[in-house]
Amino acid sequence: MDKLGVWLIGARGSVATTATVGAAAIRAGAASPQGCVTESPGFPGLVPLTDLVFGGHDITETSLRKRAEQLARAGVIPPDLPGLLASDLDAADAEIRPGHVPGDGGRAAARLIDDIAGFRARHGLSRVVVVNVSSTEPPAGSRPEFERLADLEKRLAAGDDVLPPSSLYAYAAFHAGCGYVEFTPSTGPTLPALTELAAQRGVPYAGRDGKTGETLVKSALAPMFADRALRVRSWSGLNLLGGGDGATLADPAARSSKQLSKDQVVAKVLGGPVEGETHIDYVPDLGEWKTAWDHVTFEGFLGVRMTLQFTWQGCDSALAAPLVLDLARLVARAHEKGRSGVLPELGYFFKSPLGTDEHTLAAQYARLRAFAEELS
């Protein structure tokens with residue numbers, strides 16, 4: 001089976017570095033694929049984790065090996081791995097190109113396309129999947145050129161910087177003939193013009209906003225209340241997080257994208273709005289860790305009021321990285337099988353799944369398993 005290229009947007013960030021280290025550690029026999037859903041029984045026919053080749057775009061100049069050392073000191077990855085995997089990390093780092101900076105102009109798209117195409121050619125890859133794990137963007141406003149591909153390309157050809165970065169990367173991926181995964185809550189491939197481009201190029205895509213922690217628990221617990229005919233009266237949450245993600249979400253505009261993504265799950269599963277919302281606070285001292293505390297009020301028979309509370313503490317990079325590896329392999333297999341456009345069957349992995357309104361975790365998992373069997 002051919003090797004698979006994984007092109008990461010935000011390639012030197014915590015999630016991307018953890019994914020790159022993890023794949024290299026598995027290849028070296030220094031780690032197991034724990035946390036990779038596609039390594040469970042019943043997911044045949046995918047490119048082995050040992051056959052992934054990494055590259056990407058980033059705007060930081062910190063080397064991948066240096067970033068891995070920082071994550072090791074923070075306890076995210078075992079301390080011996082950066083040294084053990086130095087050659088693998090250096091090889092991946094050599095394939096990281098400067099990312100897009102807003103203001104570069106619309107002609108930056110050609111450079112991004114060439115970067116991806118060059119990576120594929122250098123490694124003789126039949127397929128590359130682009131995965132966006134960069135910082136969350138504010139919601140994109142509506143613009144006329146977002147509606148039709150011809151209008152969008154006219155603006156880009158004129159050098160206009162009209163697309164949000166995530167959408168520019170999706171545009172480059174589709175033009176390069178690559179599948180795409182929007183792992184952030186950013187706009188990415190959701191613009192009608194990009195839907196048109198994906199269909200034209202015959203490439204699949206999935207998203208949006210990886211479901212790794214508190215929302216994962218919500219999508220498992222909310223159906224319990226619905227199935228037991230217990231009325232949820234309120235559901236409030238507090239997220240405390242540090243690291244680069246926390247610093248990004250300290251900006252109210254970026255935070256609004258994440259809050260919208262996190263809060264919709266309960267309403268979708270329970271069939272209507274529920275009092276309460278999720279609050280996100282940046283606490284630098286937490287570093288790469290995050291804590292989520294949820295408070296749920298509900299009532300049962302005879303209107304008796306009751307309460308559920310839970311706390312979720314985890315390392316987001318370690319939770320997200322195996323999902324990145326899962327998604328790259330699934331999208332590549334779907335592409336190989338001739339699928340194009342949005343892949344609603346991968347909604348299991350996302351807070352705001354594209355192409356489907358299903359948010360119940362068990363139903364999402366059943367659909368994923370059926371999809372895996374179809375792909376095999």
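The values are calculated or read from the model by the stated rules, or taken from the named source; none is laboratory data. This one's a predicted model, so the numbers in the text were calculated from it and none came from an experiment. Cβ: placed from backbone, ideal geometry, glycine included. Neighbour counts: every protein chain shown. Heavy atoms of the whole protein, side chains included, go into the accessibility calculation; ligands, DNA and RNA do not. Shrake-Rupley method; radii C 1.70, N 1.55, O 1.52, S 1.80 Å.
Looking only at the range 315-372, which residues are among the aromatic types (Phe, Trp, Tyr) and either within 14 Å of the chain's Cα centre (by Cα) or crowded, with 22+ Cβ neighbours inside 10 Å (or both)?
Across the range 315-372, the qualifying residues are Tyr348, Phe349, Phe350.
Do we find that Arg233 is under 30 Å from Leu302 (Cβ atoms) and either open to solvent by less than 10 Å² (accessible area, probe 1.4 Å) or in contact (Cβ under 8 Å) with a residue 12 or more places away in the chain (or both) in this structure? If you could, list the steps in order and put the result at the bottom.
On the way: under 30 Å from Leu302 (Cβ atoms): yes; either open to solvent by less than 10 Å² (accessible area, probe 1.4 Å) or in contact (Cβ under 8 Å) with a residue 12 or more places away in the chain (or both): yes.
When the stated conditions are applied, Arg233 passes them.
Let me confirm something: among Ala222, Ala198, Ala206, Ala267, which residue is of a type in the set (Gly, Ala, Ser) and surrounded by fewer than 21 Cβ atoms within 10 Å (Cβ to Cβ)?
Ala267
Taking the range 21-69 on its own, how many of its residues are modelled with pLDDT under 95 and of a type in the set (D, E, K, R)?
1
Condition first: over 18 Å from Ala19 (Cα atoms), among the hydroxyl-bearing types (Ser, Thr, Tyr) and under 15 Å from the mean Cα position of the chain (by Cα). Now tell me which residues in the range 207-227 satisfy that.
Thr215
Pairs, please: C-beta under 9 Å, at least 6 apart or cross-chain, first residue touching a residue at least 60 places away in the same chain (Cβ under 8 Å) and in the range 111-126, second open to solvent by 60 Å² or more (accessible area, probe 1.4 Å) and of a type in the set (Gly, Ala, Ser)?
Listed by first residue and then by second, the contacts come to Arg120/Ser126.
Is it true that some residue in the range 168-179 is part of a loop (DSSP other than H, G, I, E, B), at pLDDT below 95 and surrounded by fewer than 24 Cβ atoms within 10 Å (Cβ to Cβ)? Break it down into steps so the answer makes sense when it comes.
Residues of the range 168-179 that are part of a loop (DSSP other than H, G, I, E, B), as a first pass: 176-178.
Now restrict to residues that are at pLDDT below 95: none.
Looking through the range 168-179, none of the residues is part of a loop (DSSP other than H, G, I, E, B), at pLDDT below 95 and surrounded by fewer than 24 Cβ atoms within 10 Å (Cβ to Cβ).
If you go through the range 343-376, how many residues are more than 23 Å from Ala199 (Cβ to Cβ) and β-branched (Val, Ile, Thr)?
1
Counting only residues that are open to solvent by less than 10 Å² (accessible area, probe 1.4 Å) and either within 22 Å of Pro164 (Cβ to Cβ) or among the acidic types (Asp, Glu) (or both), which one in the range 11-32 is nearest to the chain's Cα centre (by Cα)?
Ranking the qualifying residues of the range 11-32, first place goes to Ala16.
Would you confirm whether or not the range 342-358 contains a residue that is more than 17 Å from Thr38 (Cα to Cα) and touching a Phe, Trp or Tyr at 6+ places or on another chain (Cβ under 7 Å)?
Checked the range 342-358: at least one residue is more than 17 Å from Thr38 (Cα to Cα) and touching a Phe, Trp or Tyr at 6+ places or on another chain (Cβ under 7 Å).
Just a yes or no: is a residue in the range 59-73 assigned to a strand (DSSP E or B), in contact (Cβ under 8 Å) with a residue 40 or more places away in the chain and surrounded by fewer than 18 Cβ atoms within 10 Å (Cβ to Cβ)?
Scanning the range 59-73 turns up no residue that is assigned to a strand (DSSP E or B), in contact (Cβ under 8 Å) with a residue 40 or more places away in the chain and surrounded by fewer than 18 Cβ atoms within 10 Å (Cβ to Cβ).
List the residue pairs whose Cβ atoms are under 6 Å apart, where the first residue sits in the range 326-340 and is farther than 19 Å from Pro33 by Cα and outside any loop (DSSP other than H, G, I, E, B), the second is open to solvent by less than 10 Å² (accessible area, probe 1.4 Å) and of a type in the set (Gly, Ala, Ser), and the two are 6 or more positions apart or on different chains.
Partner pairs satisfying both residue conditions: His335/Gly179.
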